[in-house]
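S.K.: Take this structure, written in structure tokens, and hold onto it; I'll ask about it next.
Just so it is clear, none of the values below were taken in a lab; they were calculated from the coordinates. Keep in mind the model is a prediction, meaning the values are calculated, not measured. Using ideal geometry, Cβ is built from the backbone for each residue, glycine included, and neighbour counts are taken over all protein chains shown.
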Amino acid sequence: DQQVKQNSPSLSVQEGRISILNCDYTNSMFDYFLWYKKYPAEGPTFLISISSIKDKNEDGRFTVFLNKSAKHLSLHIVPSQPGDSAVYFCAASTTSGSARQLTFGSGTQLTVLP
Amino acid sequence: NAGVTQTPKFRVLKTGQSMTLLCAQDMNHEYMYWYRQDPGMGLRLIHYSVGEGTTAKGEVPDGYNVSRLKKQNFLLGLESAAPSQTSVYFCASSASNYLAYNEQFFGPGTRLTVL
């Protein structure tokens, strides 16, 4: 049973417009949420995170929104640029055993069209 | 400062063969992780380590063993490879902080095919 779900495998957006990537989760024990970006043939790189005690975190063109009651988070990219084309993974963190662990969604391929 | 490196980048094995994947980090991180990524799925945790000499099971540990003899290295072993282990394997590391999230830094991945 997937605890973190990204229901859109792909998204295409025109350059300059807003990209909105969505993520849903089921485990109420998750207390940090993260977005990672992955280019082909590279490892994922950290993009932005949010604690469960907040509902918004902003970093330049990237904003993450968290709706705890709906168990939903989203990543907004404004304005979108062709270099943003990548796979975006949503991840959720909780303590398990002796360390914090991440549970990843299946990813959304974002394509920004010039 | 290379960050997290993985060796090899690609490997093809026959069913039943064994191999070891090497992960090295130069950031003096306490925690290290091995993940696998399969099509249509997110990264799944295989094993992890919270420090030199320690290892623990993740979500999908069966068929794999790990060792952390040195702080900077984390080895992933397949004793008898199976086609179901065909995947892309990522290593990651993070600073130790049990009470708050610490960003995980990922290596470039190893693409393994088992025939």
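S.K.: As a test of the definition: which semi-axes, in Å, follow for the range A:67-114 when you take the square root of five times each eigenvalue of its alpha carbon gyration tensor? Largest first, please.
M.R.: Details: eigenvalues 152, 39, 14 Å².
Three semi-axes, in Å: 28, 14, 8.
S.K.: Rg over Rh of chain B, using C-alpha atoms and the Kirkwood radius, what does it come to?
M.R.: Numbers: Rg = 13.4 Å, Rh = 14.1 Å.
Taking Rg over the Kirkwood Rh, I get 0.95.
S.K.: On to the next question. List the aspartates and glutamates whose alpha-carbon lies under 17 Å from that of A:Lys56, not counting same-chain residues fewer than 8 positions away?
M.R.: Once the sequence-local aspartates and glutamates are set aside, what remains near A:Lys56 is A:Asp24, A:Asp31.
S.K.: Can you tell which of B:Phe90, B:Phe105, B:Phe74 shows the greatest fluctuation in a Gaussian network model of chain B with Cα springs below 10 Å?
M.R.: It is B:Phe105.
S.K.: Of the options A:Gln14, A:Tyr25, A:Ile53, report the single residue whose Cα projects farthest towards the positive end of the charge dipole of chain A (beta-carbon charges: Lys, Arg +1; Asp, Glu -1).
M.R.: Of the options given, the answer is A:Ile53.
S.K.: How much net charge surrounds B:Val50 when only the other residues with a Cβ under 12 Å from the Cβ of B:Val50 are counted, with Lys and Arg +1 and Asp and Glu -1?
M.R.: Working: positive: A:Arg100, B:Arg68, B:Lys71; negative: B:Glu30, B:Glu52.
After counting each charged neighbour, the total is +1.
S.K.: Determine the shielding of peptide B:39-47 by partner chains: average, over its residues, the number of Cβ atoms on other chains within 10 angstrom of each Cβ. Mind showing how you got there, number by number?
M.R.: On the way: counts 1, 3, 5, 16, 12, 2, 6, 0, 0.
Counting Cβ atoms of other protein chains within 10 Å of each residue's Cβ and averaging gives 5.
S.K.: How would B:Met32, A:Met29 line up from fewest to most surrounding beta-carbon atoms within 10 angstrom? Present the calculation step by step, with values, prior to reporting the outcome.
M.R.: Values: B:Met32 29, A:Met29 12.
The most exposed by this proxy come first: A:Met29, B:Met32.
S.K.: Any number yet on Rg/Rh for the range A:4-113, C-alpha, Kirkwood?
M.R.: Result for the range A:4-113 is an Rg/Rh of 0.96.
S.K.: Can I ask one more? To two decimal places, what compactness ratio does the protein assembly as shown give when its Cα radius of gyration is scaled by 2.2 N^0.38 Å?
M.R.: Details: Rg = 17.6 Å, N = 229, 2.2 N^0.38 = 17.3 Å.
After normalising by residue count via 2.2 N^0.38 Å, the value is 1.01.
S.K.: Placing unit charges on C-beta atoms (Lys and Arg positive, Asp and Glu negative, everything else neutral), compute the dipole magnitude of the range A:13-87 about its Cα centre in debye, rounded to 20.
M.R.: The calculation lands at about 120 debye.
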